[in-house]
Amino acid sequence: PERGSHWEAHLTAIVKSMGGEVIPEHPSSFFFPKTGLLLTVYVDDFLLSGPSEAHDPFWSELSKQVEVEDIGGLDRFLGRYHDIMTLDDEEVLSFNMKDYVMSACQMYEALPGSKPLRHAVTPFVAEGSLLSEDDHARGALADDACKMLMKCLWAARLARPDILKPVIALARKVS
């Protein structure tokens with residue numbers, strides 16, 4: 001049960017020995033002042049940003065201490081794709097979670113008792129459509145509500161800040 005915290009402590013020690021400084025406001029993120037690199041870690045997924053000439057030496061050093069299987073591009077991290085496109089003659093990065101959100105819709109529609117999803121122009125429901133007297137009624141999908149909300153929260157955190165407020169409002173109703 002403590003495997004995760006042991007791994008985190010082990011990896012943190014390695015990253016610190018390589019010159020990484022913990023960023024207190026962003027757990028599992030490390031800044032390397034000498035190279036200008038920023039490393040974000042989620043369990044065994046690593047995201048490295050900074051000067052490209054510092055990437056290969058970083059991965060080479062880390063690989064001496066940790067088994068690194070695949071050093072890929074920036075195309076996918078934690079269910080989010082990164083699309084690089086040109087906008088007004090400048091390269092920009094776009095977060096794309098279309099596949100992830102589609103899987104959330106499919107997961108919802110596969111639940112017993114769910115209704116087919118309809119197009120919505122906003123993530124908010126019409127004013128007055130949720131009645132406070134219904135707050136204590138157990139819904140047909142109550143057993144799966146947390147699973148669905150957490151899936152939606154992940155999408156909101158990583159790529160859809162526009163749905164963060166309604167998802168959090170719904171999460172407050174779960175007890």
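Considering only region 17-43, state which residues are part of a loop (DSSP other than H, G, I, E, B), touching a residue at least 12 places away in the same chain (Cβ under 8 Å) and open to solvent by 50 Å² or more (accessible area, probe 1.4 Å).
Matches in region 17-43: H26, P33, K34, T35, V43.
Within region 23-76, which residues are of a type in the set (K, R) and farther than 25 Å from S5 by Cβ?
K34, R76
Listed residues S5, S60, S52; which is closer than 20 Å to D75 by Cβ, loosely packed, with under 12 Cβ neighbours inside 10 Å, over 19 Å from the mean Cα position of the chain (by Cα) and modelled with pLDDT under 95?
After ruling out the rest, the residue left standing is S52.
Could you give every pair whose Cβ atoms fall below 6 Å, whose first residue belongs to region 5-16 and is touching a residue at least 24 places away in the same chain (Cβ under 8 Å) and part of a helix (DSSP H, G or I), and whose second residue is open to solvent by 60 Å² or more (accessible area, probe 1.4 Å) and of a type outside the set (V, I, T), counting only separations of at least 6 or pairs across chains?
I14/Q65
Here is a check on your reading of the model: is R138 without any contact (Cβ under 8 Å) to a residue 12 or more places away in the chain and surrounded by 12 or more Cβ atoms within 10 Å (Cβ to Cβ)?
No; evaluated as a whole, the condition is false for this residue.
Looking at (1) more than 23 Å from D45 (Cβ to Cβ); (2) outside any loop (DSSP other than H, G, I, E, B); (3) in contact with a helix residue (DSSP H, G or I) (Cβ under 9 Å, 6 or more places away or on another chain); (4) among the polar types (S, T, N, Q), find the lone condition where S114 falls short.
The number of the failed condition is (2).
The values are calculated or read from the model by the stated rules, or taken from the named source; none is laboratory data. All values derive from a computational prediction rather than experimental measurement. Here the Cβ is made from the backbone with ideal geometry for all residues, glycine too, and neighbour counts use every protein chain on show. What goes into the accessible areas is simple: the full protein's heavy atoms, side chains included, and nothing from ligands, DNA or RNA. Shrake-Rupley method; radii C 1.70, N 1.55, O 1.52, S 1.80 Å.
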